[in-house]
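Before any comments, here is the structure.
What follows is calculated from the coordinates using simple rules that are stated; it is not laboratory data. Worth saying up front: this structure is predicted, and the values here are computed from it rather than measured. Heads up, the Cβs are rebuilt from the backbone with ideal geometry, glycines too, and the neighbour counts pull from every protein chain shown.
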Amino acid sequence: MACLGLSWELGAASGYAAVMRQIVLAAMRQGHRCVAIVRDLHASAPLLADLPALTVVQAPVATASRIPPVRVQTSYATLLHNRGFADPQSLVARLQAWRALFQAFGIERLLARHSPTAVLAARTAGIPVLHYGTGFSIPPARTPWPAFRPDIAEDDPRLAANEQRVLATTNAALHQLGAPALPAMAELFAPLPTALLTYPELDPYPRREPLRRLGLPLTSYGTPPRWPASPRRPRLFASLPVNDGTRGWLDILARLPVCALLRFSGPAVSTGPLPPSLAVADGPVDFAQAIADCDAVIGYGSHNLVCEALLAGKPMALIAQNPDHLMTGERLRALGAGIVLPERPAADSADRLLALLESSGHADAARAFAARHADAAPRAGIATTLLDLALAAGRA
């Protein structure tokens, strides 16, 4: 039996740990030992703490850098620049920390999600890697990596220049460790066995290379939804970000003729008095069941939430906070299955939400997506497929 490492280095939200949980359960059934190396111990605890055979430790993550961040991210290269790939000494320290964890726990194979430093460390240590995740965290194998934004052309010189800076940092760190240089940043991920947890319509990048797309594993967890008693109103499931725009979204939902169940992604929120048409979920709520019960979804741009909504045939209003949210939002809009809203409510946000609920076009497009994927392989088996791919990588 093998000792498997599961890494989560970048990104937020509990969806990372939810997928990890399913993989760990599949691995435990086969007798493997697992170590989860996670970015956020607090967010992971509700999903991983009850697995007695699992060791959970903090991932080595980049902290404040002495090098100023890129203010407007243009590609995955600028994301890496802002997440610890701008300073060779910082990168070396984290690579050494990852390798120390691998050695301390005897990790033989790594299942890496949104974990560029962990992937690089594993490769320098000779540990086989399965690279998996949504489309955003697995950019196409080309140089330079494609832009995050549609208004940036493929030949925009900023893309190549940004990537060259990150490549120089990466190779300087590899040189200090006595490891071979990368000829291009695309080589960080390109040689690895890879699995995309998304659907062709939601992949943010145009791809030329064939990749294995598995779809979204079963990730929903929590208590059954408890809806407000407003039977004649449309039901809206709202998974809202916690920031200075939260109060504005609550005010809009209170004015709309809806029955809304609210779930907050982040620290506890003091909502104050709410009208009877709104209810706040006390703790994690079963997303899949809540979405099955509702007429539409509004939420921050979590890829998992978007997939759950569309697989249930429900239209969605996506609140975009980050580049990956904006890219997912573009795909949602192109499908005609939803709308994209700003992080903080705009003057027309209430009218646009009402139009989403009243229009049949968005709902028809969402149901069409669900119908296209109705015959896909069972989602309950995706975690086992990921495990099998990781074990096969170790035997290659």
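Could you sort the peptides 155-164, 181-190 by per-residue average Cβ neighbour count (10 Å cutoff), highest mean leading?
Working: 155-164: 16.1, 181-190: 17.6.
Packing proxy ranking, top to bottom: 181-190, 155-164.
Kindly rank 16-22, 345-351 from highest to lowest mean number of other beta carbons found within 10 Å of each residue. Don't jump to the answer; show the numbers that get you there.
Values: 16-22: 25.0, 345-351: 13.9.
Put in order of decreasing packing, that is 16-22, 345-351.
Quick check: residue separation of R344 and M28 times 0.36 nm, minus the Cα distance between them. What number comes out in nm?
Details: separation 316, 0.36 × 316 = 113.76 nm, distance 4.29 nm.
Length gained between R344 and M28: 109.5 nm.
How many nm separate the modelled label positions at A179 and Y221, each set 7 Å beyond the Cα in the direction of the Cβ?
3.0
Between A229 and D286, what FRET efficiency follows from the Cβ-Cβ distance if R0 is 22 Å, with the result rounded to 0.05?
So, using R0 = 22 Å, E works out to roughly 0.70.
Where the only charges are on Cβ atoms (+1 Lys, Arg; -1 Asp, Glu), what is the dipole of the range 304-396 about its Cα centre, to the nearest 20 debye? It would help to have the intermediate numbers written out before the result.
Numbers: 9 positive and 10 negative charges, 47 e Å.
The dipole magnitude comes to about 220 debye.
Between R372 and D295, how many nm apart are label points set 7 Å from Cα along the C-beta direction?
Result for the modelled spin labels: 2.6 nm.
Order the peptides 139-145, 101-107 from the highest to the lowest mean number of other Cβ atoms within 10 Å of their residues.
Numbers: 139-145: 20.6, 101-107: 16.6.
Peptide ranking by packing, descending: 139-145, 101-107.
Which cross-chain or sequence-distant (5 or more) residues have an amide H under 5 Å from the amide H of F148, H modelled 1.01 Å from N in plane?
S75
Based on the alpha-carbon gyration tensor of the range 235-372 and its eigenvalue square roots a ≥ b ≥ c, which shape applies: rounded if a/c is under 1.5, prolate if not and a/b is larger than b/c, or oblate? Spell out each step's value before the answer.
Numbers: a/c = 1.44, a/b = 1.37, b/c = 1.05.
Since a/c stays below 1.5, the shape of the range 235-372 is classed as rounded.
Only Lys, Arg, Asp and Glu count, each charged at its Cβ (+1, +1, -1, -1), so figure out the dipole size of the range 166-231 about its Cα centre, rounded to 20 debye. Before the final figure, lay out each step's value.
Details: 5 positive and 4 negative charges, 40 e Å.
Rounded to the nearest 20 debye, it is 200 debye.
How high is the FRET efficiency between A254 and S65 when r is their beta carbon distance and R₀ equals 35 Å, given to the nearest 0.05? Could the numbers behind the result be given before it?
Details: r = 42 Å, r/R0 = 1.19.
Efficiency, from the Cβ-Cβ distance: 0.25.
Quick check on the chain: take the gyration tensor over C-alpha atoms, sort the square-rooted eigenvalues as a ≥ b ≥ c, and tell me if it's rounded (a/c under 1.5), prolate or oblate. If you can, show how the numbers build up before the last one.
Details: a/c = 1.81, a/b = 1.49, b/c = 1.21.
It comes out prolate by the Cα gyration axes.
Dipole of the chain, Cα-centred, from +1 at each Lys and Arg C-beta and -1 at each Asp and Glu C-beta, to the nearest 20 debye? It would help to have the intermediate numbers written out before the result.
Details: 36 positive and 30 negative charges, 110 e Å.
Result for the chain is approximately 520 debye, rounded to the nearest 20.
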